[in-house]
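First up is the structure itself, then whatever we jot down about it.
Each reported figure results from applying straightforward, stated rules to the coordinates on display, with no laboratory input. Since this is a predicted model, take the numbers as computed values, not measurements.
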Amino acid sequence: MPGFRIWLWVVLAVAVQLAAWTAWFVIAGHHPVEEVPLATGH
């Protein structure tokens, strides 16, 4: 299967991204702020 490893990396990357978004929303939900800390560069 030539493309198996590529698809594996794609699925892994999507899973990591979804996990990061979920963690961010959970943290943001518990600690409401007026601005996004990650976007300001501080």
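Things to note:
- Extension reserve of the MET1-GLN17 stretch, reckoned as 0.36 nm per residue once the Cα distance is removed: 3.2 nm
- The phi torsions of the stretch 11-20, fed into the Karplus equation with coefficients 6.51, -1.76 and 1.60 and a -60° offset, translate into couplings of 5, 5, 5, 5, 5, 5, 5, 5, 5, 5 Hz, rounded to whole numbers, with Gly and Pro shown as x.
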